[in-house]
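Novice: Structure provided below as structure tokens; questions to follow.
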Amino acid sequence: MKTDASLTEEQLNFYLEEARTMCPSAVEGLSEHRTLSILHGRLRRIVRLLTLIQEDTRSNDLHHIQRACGYYLVQDSVPRPERISFNKRLSNHIDICNQLTGERDIAGYTLDYFTRQLHDLEQYLRQKQE
């Protein structure tokens, strides 16, 4: 990563265009600083989301959840429609955990990409405030 907070003209244009692409509120006519600030906020949220996906460990505990819920699903005291409904919800939860786990490498690469952008923008905006 760069230690110099300046951006080349090409980088600056890239970030301004990215802001217009990724941020509906970054419309034409806003100042450069405001447009980049909007992008900065969006990148922070993206990095936070991708970090959650990257660091999620729920899939490690799925077998424990299935075992615990299995007892519930075989209880005759629980009405059959309720057990079926619960089983569907549990299956959906397990499916999304498995899908997220399967895409963790993509989340990691994308997290690195946006983290570098976020770092560059933070440095640039901090320098512009001084």
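Every number here is computed from the coordinates shown, using simple stated rules; none is lab data. All figures in this text were calculated on a predicted structure; none of them were measured in a lab. When we count neighbours, we look across all protein chains shown, and the Cβ atoms used for this are built from the backbone with ideal geometry, even at glycine.
Novice: Given the options Val27, Val47, Val74, which has the most mean-square fluctuation in a GNM of the chain, springs set between C-alpha atoms less than 10 angstrom apart?
Specialist: Comparing Val27, Val47, Val74 in the GNM, the peak value goes to Val74.
Novice: Then there's this: How would the stretch 84-130 be classified by its alpha-carbon gyration tensor: rounded, prolate or oblate, with rounded meaning a/c under 1.5 and the a/b versus b/c comparison settling the rest?
Specialist: oblate
Novice: Mean separation of Cα pairs under 8 Å and 6+ residues apart, divided by the residue count of the chain: what relative contact order is that in percent?
Specialist: Across the chain, relative contact order equals 39 percent.
Novice: Further question: Can you classify the stretch 20-90 as rounded, prolate or oblate using the Cα gyration tensor, where a ≥ b ≥ c are the square roots of its eigenvalues, rounded means a/c under 1.5, and otherwise it's prolate if a/b beats b/c and oblate if not?
Specialist: prolate
Novice: Of the residues Asp61, Asp95, Asp112, which exhibits the maximal mean-square fluctuation in a Gaussian network model of the chain defined by a 10 Å Cα contact cut-off?
Specialist: With Cα springs under 10 Å in the chain, the top fluctuation among Asp61, Asp95, Asp112 is at Asp61.
Novice: Using r as the Cβ-Cβ distance of Glu32 and Thr115, and R0 as 25 Å, what FRET efficiency do you calculate, to the nearest 0.05?
Specialist: For R0 = 25 Å, the calculated efficiency reads 0.65.
Novice: Once you have the Cα-Cα distance between Asp105 and Asn60, take 0.36 nm times their residue separation minus that, and quote the gain in nm to one decimal.
Specialist: Full extension of this stretch gives 14.6 nm more.
Novice: Right, here's the next one. Please arrange Lys88, Lys128 by how many other C-beta atoms lie within 10 Å of their C-beta, fewest to most.
Specialist: Arranged by neighbour count, lowest to highest, Lys88, Lys128 become Lys88, Lys128.
Novice: Give me the one-decimal nm value for the distance between modelled label points at Asp76 and Arg45, 7 Å along each residue's Cα-to-Cβ direction.
Specialist: Result for the modelled spin labels: 5.2 nm.
Novice: In angstroms, what radius of gyration and Dmax does the chain have, counting Cα atoms only?
Specialist: 22.2, 69
Novice: Under a GNM of the chain (C-alpha, springs under 10 Å), which listed residue has the highest mean-square fluctuation: Tyr71, Tyr15, Tyr113?
Specialist: Between Tyr71, Tyr15, Tyr113, it is Tyr71 that shows the largest mean-square fluctuation.
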